[in-house]
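Accompanying notes for the structure given below.
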Amino acid sequence: MPLYAEWIERAYGAESLDRARAVELQALLAETLPAGWFYNRLAARLAQKAGDGALLAAVERQAAARGERMYGRSQGLLLVELACLTVGSVMLLGIARLKGQRVDILRLHAPGVPPPWPGGAGTAVLLRGGALGAALTLAFLSIAPAEPVSLRAVAIPLANLPLLALAYHYLLKPSGLNFWSGFGLRIERAQAGRLAGIVLAVVAAGLWGEWVMGRLSDAWHLANHWTEWFDPDLVWAPGSVLTISLLEYVVFAPIFEEIAFRGLLFAILRRRFRFLPAATISAGIFAAAHGYGWIGFISVFWSGLLWAWVYEKTGSLIPGMIAHAANNLLVCLTVMALLR
């Protein structure tokens, strides 16, 4: 940290920088930070403060080349998002047109929501499973070494194991169900086309919501704090750590969060309330659990509403899981395209 502080102070402070110390700081910078946006910015500032025109020109050429690569990746990602938005919007219009003609147009599985198990038992499972998961995670982190990245792949499933075990023992099994039938986790091959259309529609609705929120944020001069979207592993980590991070964001989080927040929380609320109150409460808890500011909260809240809606209409968690994974993947790819 003292070294980082000196870099920032020398690069952006008012004091002058002599050439000898600048050479030392540039060498340390090259050894410590990987090539990328952050390295280029600091190296350029240090060269400028020291009056090293040759090094400044070299760093700026490197930054320009990287900017071209970044622009190409960003354009490719934008095309993917536009394709999803276009096709999904067509699906949304089709769903809206058929809404009054076929009430089961989106149904993929039964029973769906409300679930057949008692609401009190479901609430007890959620509270006890969450508490046991938190205690198990703390115990695991206290005895396990922090460095091996393979252990990170175990942490999320381990934290959710008590909740899954209690849900099976007290909710699913007494109702004559298992995880596949209780949460609609098995889709017939004949329904694959319908599933794809539903997922694209939900992804498009999410993108439209993000677009509206972006325009409103610009008009009101609001912005997310950078720590809400920045993940150092997506930017600097080697391939093994990056793979674990993507596994957490794109596989584990969609599976376990959808089971907990839609399969259990929303479904339990749905036994007592109509759809909108149940979806609003569950989405609010889901958004608050992420710990973001207001813009991040509204973004996650909107996603929670959409994934509750698709579970309500299809009776399956699969569409929400896939849409959740697609949303997280797009966020990860955006950070990587801009900064990695």
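Once both labels are positioned 7 Å from their Cα atoms along Cα-to-Cβ, the gap between residue 31 and residue 18 label points is 2.1 nm.
Subtracting the Cα-Cα distance of residue 290 and residue 227 from their residue separation scaled by 0.36 nm leaves 21.4 nm.
Which of the trypsin sites (Lys or Arg not before Pro) found in the stretch 164-238 are loop residues per DSSP with 13 or fewer other Cβ atoms within 10 Å of their Cβ? Answer in residue order: 186. P(r) for the chain, from all Cα pairs and a bin width of 10 Å, is 5, 20, 27, 23, 13, 8, 4, 0 %, short bins first. Taking each DSSP H run with n ≥ 4 as -39500 (n - 2.57) and averaging over every residue of the chain yields -24000 deg cm²/dmol at 222 nm. Considering only the other residues whose Cβ falls under 12 Å of the Cβ of residue 73, what net charge follows from Lys and Arg at +1 and Asp and Glu at -1? For residues surrounding residue 73, the net value is +2. Working from Cα pairs under 8 Å separated by at least six residues, relative contact order for the chain is 24 percent.
Inter-label distance, residue 97 to residue 139: 5.7 nm, where each label sits 7 Å from its Cα along the C-beta direction.
Fully extending the segment from residue 218 to residue 273, taken as 0.36 nm per residue of separation minus the present Cα-Cα distance, adds 16.2 nm. Annotation for the stretch 184-242: GluC sites (Glu not before Pro) lying in DSSP loop with at most 11 further Cβ atoms inside 10 Å of their Cβ are 188. Note on residue 154 and residue 80: their simple-model spin labels are 3.1 nm apart, each label 7 Å out from Cα toward Cβ.
Coordinate-derived values only; no laboratory data. Nothing here was measured: the structure is a model prediction, and the numbers come from that model. With ideal geometry, Cβ positions are generated from the backbone for all residues, glycine too; neighbour counts draw on all protein chains shown.
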